[in-house]
Protein chains: 2
Amino acid sequence: MSDSAVNVAIVGMGTVGTGVAKVLLQHSDRLARRSGQRMHLRRAVVRDAARTRDIDLPAGVLTTNLQDVLQDRSIQVAVHLVGGVYPAREILLSLLEAGKDVVTANKALLCECGDELFSRARELGRTIAFEASVAGGIPIIATIGQSLAANQITSISAILNGTTNFILTQMVRENAAYADALRKAQELGYAEADPTLDVDGTDAAQKLVLLTQLAYGVKPKLGEFPRQGIDTLELADLRYAAELGHTIKLLAVSRLVDGRLELHVLPTLVRHHTPLAEVHGAFNAVSVVGDVVGHTWYSGPGAGQMPTASAVVADLIDTVSGRTRITFPHLEIWRNPAPFAMRPREEFSSRFYFRFNVEDRPHTLADIADILGRNHISIASVIQHEAPEHEHAGSISKPIVPLVIMTHRTRQGDVNAAEAELDKLPGLRPPRVCLPVAD
Amino acid sequence: MSDSAVNVAIVGMGTVGTGVAKVLLQHSDRLARRSGQRMHLRRAVVRDAARTRDIDLPAGVLTTNLQDVLQDRSIQVAVHLVGGVYPAREILLSLLEAGKDVVTANKALLCECGDELFSRARELGRTIAFEASVAGGIPIIATIGQSLAANQITSISAILNGTTNFILTQMVRENAAYADALRKAQELGYAEADPTLDVDGTDAAQKLVLLTQLAYGVKPKLGEFPRQGIDTLELADLRYAAELGHTIKLLAVSRLVDGRLELHVLPTLVRHHTPLAEVHGAFNAVSVVGDVVGHTWYSGPGAGQMPTASAVVADLIDTVSGRTRITFPHLEIWRNPAPFAMRPREEFSSRFYFRFNVEDRPHTLADIADILGRNHISIASVIQHEAPEHEHAGSISKPIVPLVIMTHRTRQGDVNAAEAELDKLPGLRPPRVCLPVAD
């Protein structure tokens, strides 16, 4: 064990920041042994010093003034745990400018401003470590950036958002509607009061952008690839999927097909008893294929105070030990120009699950089958149950029945063409659901 | 990308060595980008230069003389892929003495002589990297040594031997006897001509020793903990386990219980549809619990040319980039004295699966139940099927029927005491099977 010491600051003492402080204070011998440096928590910057915290900080550590960190040249590393993009960006930049190496868990910030922040860090001879920004306690950044460095990654398929996976698990297990499952997730602290960024797929998409940049040296923008959340999913779809031997997961996929990159975040049918289907509750999982290693798989807690703190402190150890200084300049994020083009979405190929709300009148099934057939979409299975009696009662409109169709492998271009025709078909009521099926 | 270059040698060009050479030759740009150094394969040491190899090496690379590596001061890193312990030990020591950093995949060697080799490396200012020695393509050494460095690992539960997992999968799927499944594994190249070290649990135990050293700073000796292979398992046990909702896996377990270390390699009943039960064929999997992160899970190909080469080349990149120089001196392997004592085996606690071969005569079941009960072993379920008619025919001895008992949670000490009494019970025929059940 070394006697040398390094001063550390935490900027942002929310749930994760408090967890990091706990590890630093409670396990300082362990961290010193593994990093070769004794880490002192010198400052913890908060917005509200009066707020009660689940931790006893040594006197003089807590401050509301970021300048106490920026101007303290004895602080070499800053843990940046400020959420959102602004002023998180300015704070991170100011830490770099002040000569600090930075550890951050903020995937939204890195997705939005990563190029700028990474470049500025390199210009200043500083590092940014970001293991905690994707998949919480799963060391997926280190795995892709270092452990699989002999490989060109060829496929990533992942459950990257614990909130939505908790909600989907809840819907299946409790036979609960989306709104009820969401409420339960909020009660248990798995979903925030405003869950939008989780349930609409933004959070998973931001993490997918980071993994894609790291694995392929390509940085897609958020709007450049298909993204759909689970907020429009109905329990009926989970039930029909189950009838077809599948469950539905919010999958983030990024893969090379014929040398071009294909990615999306979509609710996806996953066959029962396959590993992704067995990821329950708030867990995350990442399936990674490399051209040398083949298929590997990682799962663990995707969020939460201590799992995320575990990742942040691993980054701290890497940073103070000097490993990050070696790793950071050699990540694939620096590739320029990007080595892979994006694959046109029309070429995306998959089996698809369709659910139509069909007016119960003659020839609608024939019309749908005709449109699919003319667009080269071959039907693998169909489910149509009789409409329950009570839905007819007292209604002057025609009864609506759900029609579920699972296709054989089909190109997205053909699906798009069929959907344009289906839009004009009388006898169909919204919503029309169309989801891919995982291989 | 850097223009600096480093010369690399491979000592031992078997399956894995050939795979490493392929990666070095085919992906040199990739490796240069990720390590900051261009790696030149300068020498490949073989025993038989005339043997045909599945690779075209540049002229002058192949040699049968280890001195061509030892005396070439331009070679900074050696990939040591010599199997067994002797002369693998002497070769590794000579590489260190000659000033080379070493990457090895030899778990038998590190298990037997690791203390000596690691210490000698440190004295000489050299490093040994050994990711490929455990679980092939799964980066479990980096994960425990670096990514989970904020944690005290509290539990490892793993399938570490692909050969035995292939055989067990084959027995279940094909309803095959052990000998037939083994033959199939040999035909497909999953088992060696002499499979002893795989099927008797030695290979898994060696890997468990390395993981235990890395995770807990304790180095148990091979004979110090229970080890049983699958070579005494019968198909009947897999069938009864299935009837009880379980499958049988060769589990390597190393965990802290009340601050003391407990480990074993044993065929273990694992409940259907749990992650370990779903690891099929030659795959490996490692479940790791840390005191900060909680439960994490890793799986992938546990052996094979390219998965192992992926791990070796990751170590090469870490070594030439300088990361290994930082990591190696801070691993838990250096803890002295060992921070945890071994837990007395009598205190091991688990549910147990028993299979007795019982002579079909009065009171035997009562006698067994009496012995178990007096030793505080509570019975959870019993299976006894009628003996098939044909087993009686023409036999002068009493018919033998299998009796299967699943217990509630029981201490090993009580099981041992019961077994001593069962040894003396007339009416029982060997073998008597007693296996733990995973939590």
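Data table
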| quantity | calculated |
| --- | --- |
| For chain A, calculated [θ]222 nm from helices alone, where every DSSP H run of n ≥ 4 adds -39500 (n - 2.57) | -10000 deg cm²/dmol |
| Label 7 Å beyond Cα on the Cβ vector: B:Ser378 copy-to-copy distances, nm | 5.8 |
| A:Ser287, B:Ser378, ranked by accessible area, largest first (probe 1.4 Å) | B:Ser378, A:Ser287 |
| In Å², nearest 10: area of A:His264 left accessible to a 1.4 Å probe | 10 |
| Net charge dipole size for the range B:303-439 [Lys, Arg +1 and Asp, Glu -1 on Cβ; Debye, nearest 20] | 460 |
| Model label zone, B:Arg409; criterion: amide N under 13 Å from point 7 Å along Cα-to-beta-carbon; scope the range B:252-286 | B:258 |
| Net +/- balance of residues flanking B:Arg323 in space, Cβ distance below 13 Å, scoring K and R +1, D and E -1 | -1 |
| Förster radius 41 Å - calculated FRET efficiency between B:Asp370 and B:Arg183 (Cβ-Cβ, nearest 0.05) | 0.45 |
| Cα shape, the range A:248-364, gyration tensor, a/c 1.5 rule | oblate |
| The range A:141-174-the range A:45-117 distance, computed between alpha-carbon centres (Å) | 27 |
| Helix B:107-123 vs. chain B, principal-axis angle (Cα, 0 to 90°, nearest 10) | 40 |
| Shape category assigned to the range B:100-218 from the gyration tensor of Cα positions, a/c cut at 1.5 | prolate |
| Calculated label separations, B:Pro430, copies of the chain, 7 Å along the beta-carbon direction, nm | 7.6 |
| Shielding score for A:318-325, defined as the mean number of other chain Cβ atoms within 10 Å | 4 |
| The protein assembly as shown: C-alpha gyration tensor shape, a/c 1.5 cut-off, then a/b vs b/c | rounded |
| Antiparallel DSSP beta bridges within chain A, as percent of all bridges there, nearest 5 | 70 |
| Net charge over other residues, Cβ less than 12 angstrom from the Cβ of A:Ser157 (K, R count +1; D, E count -1) | 0 |
| Between 0 and 90°, nearest 10: helix B:364-374 axis offset from chain B longest Cα axis | 70 |
| Accessible-area ranking of A:Tyr240, B:Tyr298, B:Tyr86, B:Tyr190, largest first, probe 1.4 Å | B:Tyr86, B:Tyr190, A:Tyr240, B:Tyr298 |
| B:Ile141 accessible area, 1.4 Å probe, all protein chains in place, Å² to nearest 10 | 20 |
| Ranked order, A:His272, B:His330 - accessible area, probe 1.4 Å, largest first | A:His272, B:His330 |
| Interatomic Cα distance distribution for the range B:346-437, bins of 5 angstrom, percent | 3, 14, 25, 25, 16, 9, 5, 3, 1, 0 |
| Percent of Cα pairs exceeding the 27 Å cut-off, where the set is the range A:151-301 | 20 |
| In order through the range A:342-348: 3J(HN,Hα) via Karplus (6.51 cos²θ - 1.76 cosθ + 1.60), integer Hz, x for Gly, Pro | 7, 7, x, 4, 4, 7, 4 |
| Backbone HN-Hα couplings from phi across the range B:212-223 [Karplus 6.51/-1.76/1.60, Hz, Gly and Pro as x] | 5, 4, 6, 8, 10, x, 10, 10, x, 8, 4, x |
| Accessible surface of B:Asp56 - all protein chains present, 1.4 Å probe, nearest 10 Å² | 140 |
| Karplus-derived HN-Hα couplings along the range A:318-335 (A = 6.51, B = -1.76, C = 1.60, θ = phi - 60°), whole Hz, x at Gly and Pro | 4, 6, 6, 6, x, 5, 4, 4, 7, 6, 3, x, 10, 6, 5, 4, 8, 5 |
| Calculated FRET value between A:Asp258 and B:Asp29, using beta carbons and R₀ = 22 Å, to 0.05 | 0.60 |
| Copies compared at B:Glu174 - label distances in nm, ascending, label defined 7 Å from Cα in the Cβ direction | 4.7 |
| log10 of Debye I(q)/I(0), alpha-carbon scatterers only, for the range A:121-186 at 0.12, 0.27 Å⁻¹ | -0.53, -1.11 |
| Shielding of A:283-293 by partner chains, average beta-carbon count, 10 Å | 5 |
| Cβ-Cβ FRET estimate between B:Asp54 and B:Arg429, R0 fixed at 45 Å, reported to 0.05 | 0.35 |
| Gain in span if fully extended, B:Glu421 to B:Arg239, counting 0.36 nm per residue against the direct Cα distance | 62.8 nm |
| For the range B:5-133, radius of gyration divided by Kirkwood radius, i.e. Rg to Rh on alpha-carbons | 0.94 |
| Debye log10 I(q)/I(0) for chain B, one point scatterer per Cα, at q = 0.07 Å⁻¹ | -0.40 |
| DSSP-assigned coil residues among GluC sites (Glu not before Pro) in the range B:144-204, each with at most 15 further Cβ atoms within 10 Å | B:Glu192 |
| Reachable lysines from A:Lys219, criterion Cα separation under 30 angstrom, eight or more residues apart if same chain | A:Lys100, A:Lys107, A:Lys207, A:Lys249, B:Lys22 |
| Directionally averaged projected area (convex hull, Cα atoms, the range A:1-79), nm² | 5.0 |
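The values are calculated or read from the model by the stated rules, or taken from the named source; none is laboratory data. Keep in mind it's a predicted model, so treat the numbers as computed, not measured. In this analysis, Cβ positions are derived from the backbone assuming ideal geometry, glycine residues included, and neighbour counts consider all displayed protein chains. Only protein heavy atoms, including side chains, enter the accessible area calculation; ligands, DNA and RNA are left aside. Shrake-Rupley method; radii C 1.70, N 1.55, O 1.52, S 1.80 Å.
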